[in-house]
Every structure is written in C-alpha cells, then in structure tokens.
Amino acid sequence: MKQVAINVDDTGYAVIGSDDDLKSLSNERVTGMMLAAVIDRMIESGHSKESIIKIIDEAYESRLQSHNSDIQRVRG
C-alpha cells in the first residue's frame, strides 16, 4: 500500500509519500496518487467530466498566479 500524508500549518504545507517499506515516493508518484484520489471523489460526488476539467483548470490558473507572485516577492 502507498501512503500520502499532507501536513498543513499556518505557513504552508508538506506532502510526504511512502510505500510499504517506508521508502519515499517520487514527487511525480505522490502527485499522481493525490490527483487520482481527488478525481475519484469528484466522480463519486456526481461531477461531470466537464465540471472536473473546469475545476482543475481554474485551480491550476489560481495556483500558477500565486506561485508566480511568490517568486516575484522573493526576487524583488
């Protein structure tokens, strides 16, 4: 079994993934597992394919803008 833990506090979050042997999983593997779990929950909740795509697209754009703002703030 693979496990993913998300630790959240006031300053941010950390994602930790491991397999049965407690070996760390790659960022790509953890991201894929988290995305699959989210999509599964959305399907189970009755979201259409179009709705899921729209939600993911909007979240991506929002996070990209936030990420770019953070980079500019650090550099500036």
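The values are calculated or read from the model by the stated rules, or taken from the named source; none is laboratory data. Note that the coordinates shown come from a computational prediction; the quantities given were computed from them, not determined experimentally. Cβ placement follows ideal geometry from the backbone for every residue including glycine, while neighbour counts extend to all protein chains displayed. Protein only, heavy atoms only, side chains kept; ligands, DNA and RNA dropped before computing areas. Shrake-Rupley method; radii C 1.70, N 1.55, O 1.52, S 1.80 Å.
Some points to look at:
- Condition met for residue 49 (surrounded by 11 or more Cβ atoms within 10 Å (Cβ to Cβ) and more than 28 Å from residue 3 (Cβ to Cβ)): no
- The residue that is least open to solvent (accessible area, probe 1.4 Å), counting only those in region 5-34 that are assigned to a strand (DSSP E or B) and closer than 18 Å to residue 63 by Cβ, is 12.
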